[in-house]
Amino acid sequence: MSSTHGTTKTAGAVVGPSAPERSGPTGDSPQVRAVRRRVQELLPAKTVITDHARLRTYECDGLAHYRVTPALAVLADSVDDVATTVRICAEERVPFVARGSGTGLSGGALPRADGVLIVMSRMRAIREVSAEDQRAVVEPGVINLDVTKAAAAHGYYYAPDPSSQQICSIGGNVAENSGGAHCLKYGFTSNHVTGAEFVAPDGSVVELGGRALDAPGYDLLGTVIGSEGTLGIATAVTVRLTRTPEHVVTVLAGFPSTDDAGAATSAIIGAGIVPAAIEMMDALAIEAAEAAVHCNYPEGAGAVLVVELDGPEVEVRQEFDQVERLCRDNGAFAFRVANDDVERALIWRGRKSAFAAVGRISPDYIVQDGVIPRTSLPKVLRAIAELSASSAVRVANVFHAGDGNLHPLVLFDDSEEGQGEAAEEISGKILDLCIEAGGSITGEHGVGMDKSAYMPRMFSDADLDTMQMVRCAFDPNNISNPGKIFPTPRLCGEVPGRHKGEHPLAKSGIAEIF
Amino acid sequence: MTTDALAAAASGQSIDLPTPAFDEYRPPSAALVGDCVHCGFCLPSCPTYVLWGEEMDSPRGRIDLMKQGLEGDPLTDSMVGHFDACLGCMACVTACPSGVQYDRLIETTRAQVERRHQRTRRDKALRGAIFALFPYPRRLRALRGPLRGWQRIGGDRLLRRTGLLERIAPSLAAMERLAPRLGKAERLPERTAAIGTRRATVGMLTGCVQREFFPAVNAATVRVLAAEGCDVVVPAKQGCCGALSVHNGREPEALRFARALIDSFENAGVEWVVVNAAGCGSTMKEYAELLRDDPAYAVRAVAFATKVRDVSEILVELGPVATRHPLPITAAYHDACHLAHAQGVRAQPRALLNGIPGLQLREIADPAICCGSAGIYNVLFPEPARELGDRKAANVLATGAELLVTANPGCLMQVAASVERAGETIALAHTVEVLDASIQGRPVASLTGGGTSS
């Protein structure tokens, strides 16, 4: 059984009528055949994948439980490849889905059986690094960490650093508005992207934003960032580079419990310190990381905090003294400082590999992603522990403690009857806890396919309709990554609210529900 | 089974269902396939993904293909093409946070491919030729004479310039280009006594390519081991370890080689079996797995495998006793995939080199990415191998080091050819040759003088 992050229950029940396997034209519809024929005419043979075995390697992203084989895949090498494919899709009314490195954890790049998967991983040129302007122009398939590598020689780096930064692509980061351990101090992708070349869902190529910050007019770039591929496809991204800090100190503190570590976190931020990162892992997450990368975290810790301070040396030194005191005041029994990049890398390796490392201690698991106000940490963690104890479902916790972004990992063995359902239930209840605490159902993994059913728990119908109107403005035919984010499909121009029976436009053959 | 097929079966008609990719004999383990959580952390470490950026030529994609096969999909040409394109460098095994044993998966998959897939006549002939030659030192030796004469008259350069060979058969051209300059062969005594107090008795594998094309490396290994207090036994009757066969799915052949090698060393009275070629060492450490179903050899294979050590491992385990003389030189150390990824040996060679006074060690960028040698890969797939070689050569040259040190004959040949293509030169040496020069007190020129790539 494949170990993965979702269960049958979410795959079936959540998706509803827009489930790609069950609705719309099939992979052999006349429209899809037309798209296949037309892209094969216009694009080089190696660009268009139609072989079934090859297509099946694209049937899922980092959320392996949802699998759909695309009708065809286009491995784009240029903006022209993307624009041509999208234009043809628009003309034939066939849905398309963009995919970067395929590391997403919400099924955002899940293909459509009746659509085209546009793969951006070959568009990976770094077009320009302009250190003096603090800008770089990169193609969407460029790996996040490679931007930093290219800028490092100039004394700069690219600040957003999702845990998958060694493989996730900038295009995917833009789609998901990715954060990372250091977004506490430096913000999300939206704070580091100033412009994008963008293929709209009709195939036109437009420029959003630019090199300067805050372009006049509507903030279309801001709208696109985090839209999970539902508004179009970025084909080049202008990113802001950040000066490499003069001094960095990374510490690892071991605490008896998550309560103590949470209290230390609040104390540090309450003291006016904004660390570059404060990350927490509980005992179970530590066990997994140890098994995977031997990170040598303090023995017997109920929780560890990874605190990173960066900036001018004087400032960092002063803050470091405060952080050490606040950690010890709140029960830290071990306090370790990384003396060089190797030791720093080892501390981070434990944290950054934690998700995948859980595969070492459990055959299957769900990675949950939710946000709570930081001050609610101890309360919510206790509630999670109670849920876990009462259901005998193990939950490991890894999270960005500084900004209250939780990543509970719900462990189960799908080969045991009922465990998957139990895990799914706990996972959902954790999201309820987040909403009750005044937080959010996702911090950084996105809604995608996985959480669309939870959107109504967080937003009213009016909220969701307003979002849909934005979508309709970009994509009136609903062909750009349809079926993601929103729990129910909606035709543009449709009056919000409940309907009975088949939609009149669909019935008369004028429109289709994708 | 489709509804139509079921209906056909019910009515007694014969139906053509595609043959499933794998049969019952050692298919890739479904449990190991299931370990992959699809996180993608392996992608940047995979040489073919680095080159092509395509899912089906990544470890994650290949595991998906295996999964398809286990689900009953047929072994199509495209599927086999993607399995074949894997270099078997195992960088993904190092990169995987979930501990997926891709090495086991690809090995079992390849054995199935070799048994069940019909290769083209051309491909079959090429593979046949390779395996009729490389694992047999005696045949390689027979080839030495003609090659040596060829090189002396400058014929190889002439041919390379005309590109004639490239047009006739790219694969033969690749082999020709990689053939190293040949020196005079040194004969190794069957037993060499330890210098000073004896600390261990070790057996040494002489290898195939190592023995015939790089005899100086074997001679240096014996001298260094003896200087560090080892009685060195070199059984005369030893053949190929089977690594090339294992890595290319030729299981029956690999088993034959493995049994014979165990026989050669079993009664030699050695505590360790020392290997100086990364690919050989990694396979010999896996003999227990390879021979697990052989009642006559299973137990003996376990005993043998536990004795196998890379030469750098044993030297670090024993600790230095021989005096190191200064070698004022800058050296870049290249991790051979089958040493770093397959055996986890990274620190030991660096520790040995750092122990030489005056030697300045430089790290090569992107060390985890294969140089493209990968056993016989550069013969079977000259184009991607050349691209990877060019990338490696650029990173090696960027270190500015005078000497490139590595622990595998394949890597040495591949990087040498790539550096030469870049129009540059760099001296090349095996780790033990550098140690030998230091222990013997030979000058830097003994390493940089003759060993350049052109």
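A few points about this structure:
- Solvent-free Debye calculation, one equal scatterer per alpha-carbon of the protein assembly as shown: log10 I(q)/I(0) at 0.06, 0.09 Å⁻¹ equals -0.47, -1.06.
- The count of lysine pairs in chain B that are at least 8 places apart or cross chains, and whose C-alpha atoms lie under 27 Å apart, stands at 5.
- Seen from every direction in turn and averaged, the convex hull around the alpha carbons of the stretch B:191-316 projects onto 7.2 nm².
- Three-way shape label, the stretch A:296-345, alpha-carbon gyration tensor, a/c 1.5: oblate
- Size of the A/B contact, given as accessible area buried on both chains, probe 1.4 Å, in Å²: 2700
- In sequence order, the stretch B:94-100 has phi-based couplings of 5, 6, 6, x, 8, x, 5 Hz under the Karplus curve 6.51 cos²θ - 1.76 cosθ + 1.60, θ = phi - 60°, and Gly or Pro positions carry x.
- Listing of the stretch A:155-178 residues, each with accessible area lower by at least 40 Å² in the full protein assembly than in the chain alone (probe 1.4 Å): A:GLN166, A:ILE167
- Per residue Cα convex hull volume in Å³ - calculated over chain B: 152
- Sequence-separation-based contact order of chain A, relative, with Cα cut under 8 Å and 6+ spacing, percent: 16
- The distance from the alpha carbon centre of the stretch B:43-86 to that of the stretch B:379-440 is 28 Å, rounded to a whole number.
- Solvent-accessible surface of the stretch A:126-243, averaged per residue with a 1.4 angstrom probe and all protein chains in place: 36 square angstrom.
- Less than 5 angstrom separates the built amide H of A:ARG127 from those of A:VAL137, A:VAL138, A:GLU139, all sequence-distant by 5 or more or on a different chain.
- The apolar share of the surface of the stretch B:324-448, taken as the fraction of accessible area on carbon and sulfur atoms (1.4 Å probe, ligands and nucleic acids excluded), comes to 51 percent.
- Accessible surface of the stretch B:25-116 [probe 1.4 Å, protein heavy atoms]: carbon and sulfur percent: 56
- When shorter helices are ignored and each DSSP H run of at least 4 residues is given -39500 (n - 2.57), the per-residue value for the protein assembly as shown at 222 nm works out to -12000 deg cm²/dmol.
- Pairwise label distance in nanometres, A:VAL342 with A:ALA422, each label 7 Å out on the Cα-Cβ vector: 4.5
- Loop sites in the stretch A:385-485: chymotrypsin sites (Phe, Trp or Tyr not before Pro), DSSP, at most 16 other Cβ within 10 Å: A:PHE459
- With every protein chain in place, the stretch A:239-334: carbon and sulfur % of accessible area (1.4 Å): 49
- On a per residue basis, the stretch B:25-116 carries 26 Å² of accessible surface, using protein heavy atoms and a 1.4 Å probe.
- Every Cα-Cα pair in the stretch B:324-448 was counted, and those over 27 Å apart are 14% of them.
- Among residues other than B:ASP64 with Cβ under 9 Å from its Cβ, the summed charge is +2 (Lys and Arg +1, Asp and Glu -1).
- Its Cα centre serving as origin, the protein assembly as shown has a Cβ charge dipole (Lys and Arg +1, Asp and Glu -1) of approximately 3960 debye.
- Square roots of five times the Cα gyration tensor eigenvalues for the stretch A:131-208, Å: 21, 15, 12
- Hz values of 3J(HN,Hα) by residue in the stretch A:306-315 - Karplus curve (6.51, -1.76, 1.60), Gly and Pro given as x: 9, 10, 10, 10, 9, x, x, 4, 4, 4
- Spatially proximal aspartates and glutamates relative to A:LYS149 (Cα-Cα < 18 Å; intrachain offsets below 8 disregarded): A:GLU128, A:GLU132, A:ASP133, A:GLU139, A:ASP161, A:GLU246, A:ASP341, B:GLU363, B:ASP366
- For peptides A:261-270, B:279-288, B:318-327, sequence by mean Cβ density within 10 Å, most packed first: B:279-288, A:261-270, B:318-327
- Surface exposure of the stretch B:191-316, expressed per residue as accessible area with a 1.4 Å probe, stands at 33 Å².
- Peptide B:62-74, shielding by other chains (average Cβ, 10 Å cutoff): 2
- Between amide H atoms placed 1.01 Å from N, distances below 5 Å from A:THR442 occur with A:VAL371, all of them 5 or more places distant or on a separate chain.
- Surface/4 estimate of mean projected area, convex hull on alpha-carbon atoms of the stretch A:298-378, nm²: 7.4
- Counting Cβ atoms of other protein chains within 10 Å of each Cβ in A:45-57 and taking the mean gives 6.
- For B:55-61, mean number of other protein chain Cβ atoms within 10 Å: 6
- Alpha-carbon centroids, the stretch A:258-330 and the stretch A:203-222: separation in whole Å: 39
- Under 20 Å from the B:ARG115 label point (7 Å along Cα→beta-carbon), backbone N, the stretch B:233-262: B:242-259
- For A:GLY108, residues with placed amide H under 5 Å, excluding near neighbours: A:MET449
- Bridge orientation summary for the protein assembly as shown: considering DSSP beta bridges with both residues in this region, about 65 percent are antiparallel.
- Scoring A:342-352, A:145-155 by mean Cβ neighbours within 10 Å over their residues and listing the highest first yields A:342-352, A:145-155.
- Label-to-label distance for A:ARG317 and B:HIS325 is 4.8 nm, based on points extended 7 Å past Cα in the beta-carbon direction.
- With Cα atoms defining each centre, the stretch B:236-285 and the stretch A:76-144 are spaced 47 Å apart in the structure.
- Structural size metrics of chain A, computed from C-alpha coordinates, are Rg and Dmax of 23.0, 72 Å.
The values are calculated or read from the model by the stated rules, or taken from the named source; none is laboratory data. Owing to the predicted nature of the structure, the values given are computational and were not obtained by experimental measurement. Glycine gets a Cβ as well: all are built from the backbone with ideal geometry, and neighbour counts include every protein chain shown. The protein model used for the area step is the full one, side chains on, heavy atoms only, and it has no ligands, DNA or RNA in it. Shrake-Rupley method; radii C 1.70, N 1.55, O 1.52, S 1.80 Å.
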